[in-house]
1. How high is the relative contact order of the chain, in percent, with contacts defined as C-alpha pairs under 8 Å that are six or more residues apart?
2. Given R₀ = 30 Å, what would the calculated FRET efficiency be for Ser51 paired with Asn179, taking r from the Cβ atoms and rounding to 0.05?
3. Are there trypsin sites (Lys or Arg not before Pro) in region 150-246 that DSSP puts in a loop and that have at most 10 other Cβ atoms within 10 Å, and which ones?
4. Check each of the trypsin sites (Lys or Arg not before Pro) in region 1-107 and keep only those in coil by DSSP with at most 13 other C-beta atoms within 10 angstrom; list them in order.
5. Using all C-alpha to C-alpha distances in region 4-245, build P(r) with 5 Å bins and read off the rounded percent in each one.
6. Out of region 145-246, which chymotrypsin sites (Phe, Trp or Tyr not before Pro) are coil in DSSP terms and have no more than 13 other C-beta atoms within 10 Å?
7. Kindly list the residues of region 22-46 that lie in the label zone of Leu71, defined by a backbone N under 15 Å from the point 7 Å along the Cα-to-C-beta vector.
8. Name the residue from Ile168, Met217, Thr199 whose Cα lies farthest towards the positive end of the charge dipole of the chain, charges +1 on Cβ of Lys and Arg and -1 on Cβ of Asp and Glu.
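Derivation of every value follows stated rules applied to the coordinates shown; laboratory data play no part. Source: prediction; values computed, not measured. Using ideal geometry, Cβ is built from the backbone for each residue, glycine included, and neighbour counts are taken over all protein chains shown.
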Amino acid sequence: MSSPSSSQTNSIRKTLLPYLTKAAHLPAPFISAFLLVHLSAPILANVGGASLSSSVMLLGREYYQGSPQELLLLFGPLGLHVSASVLKRLLSPYPPRPIRSLLSTAGYTALAIIPIHILIQRVYPTDPAYPISSIGPAQLDFSFVQHALQKWPIRSILLYVSLTAATILHALEGFALLNDLYLVKDGSAKRWDKSKVRTRRIAAATGISAVLGGVLMLWKEPIIMPLPSILARFDAVLQKSIIYRL
Ligand code: HEM
């Protein structure tokens, strides 16, 4: 028999659950919009190489970078989504979703890689100390990605492609769940229908191949004007991460 305090805890958990669910679901459209803008840059390398990718990334930064939009459109929604989802798993009085489900495995894989990606692309370049000396956003274009790919191809390809694969797979599973929950009229779960699963797998394979194709193009294309001084600063940024020191 459960003690009064354990049944009280259970009822607090039951009360919290719908709020955590809404807090996990509400930010999803914001994160998705960011992902579409952000991933379109490497995908466009397939048709226009590094210069088109850099132009698209610079345009995209207008939408999501700077204060306060980066907090409101990216880090805030992502932080809320992840913390509410993890809290929900920890506090739910019901058995949580199997950790080996595609949604969970891909979600936690993306979560493990994202900090490495943010540190390398966003935090380390701002180090004011020599030799990095604060690389500005204009200098931090796709030549930085090309340099990482050309000097450390295996780890860079693995890093970029595993992050995007995990994110795309997770977002598609998440979308299907949200669609069933909020848009399917009769309330039944349609996402496990064979044809829906197949459509998601095709969409994931297409998205991942498009990013992989873009990454391979960037790897093969020579860097335009590879100034040794800037490449040395790129090296210093990359080698701040244990991934590039190993
Ligand atoms: C790259 C950014 C993202 C990361 C790192 C991330 C991470 C996570 C994590 C770790 C979970 C918990 C999974 C579990 O415990 O089973 C989760 C749940 C979820 N995610 Fe994401 N996610 C991201 C983007 C998205 C996007 C773009 C969508 C939708 C389009 C989405 C939809 C969902 C949904 C529906 C859940 C389940 C929430 C619930 O339990 O009700 N996520 N996410």
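1. Details: 216 pairs, mean separation 65.8, N = 246.
Relative CO of the chain lands at 27 percent.
2. On the way: r = 37 Å, r/R0 = 1.24.
Using R0 = 30 Å, I get an efficiency of 0.20.
3. Values: sites: Lys151, Arg155, Lys185, Lys190, Arg191, Lys194, Lys196, Arg198, Arg200, Arg201, Lys220, Arg233, Lys240, Arg245; in loops: Lys185, Lys190, Arg191, Lys240.
Listed in order of number, the matching sites are Lys185.
4. Numbers: sites: Arg13, Lys14, Lys22, Arg61, Lys88, Arg89, Arg100; in loops: Arg100.
Taking region 1-107 and a limit of 13 other Cβ atoms within 10 Å, the loop trypsin sites (Lys or Arg not before Pro) found are Arg100.
5. 1, 6, 11, 16, 17, 16, 11, 8, 6, 4, 2, 1, 0, 0, 0
6. Details: sites: Tyr160, Phe175, Tyr182, Trp192, Trp219, Phe234, Tyr244; in loops: Trp192.
Passing sites in region 145-246 are Trp192.
7. none
8. Toward the positive end, the furthest listed residue is Thr199.
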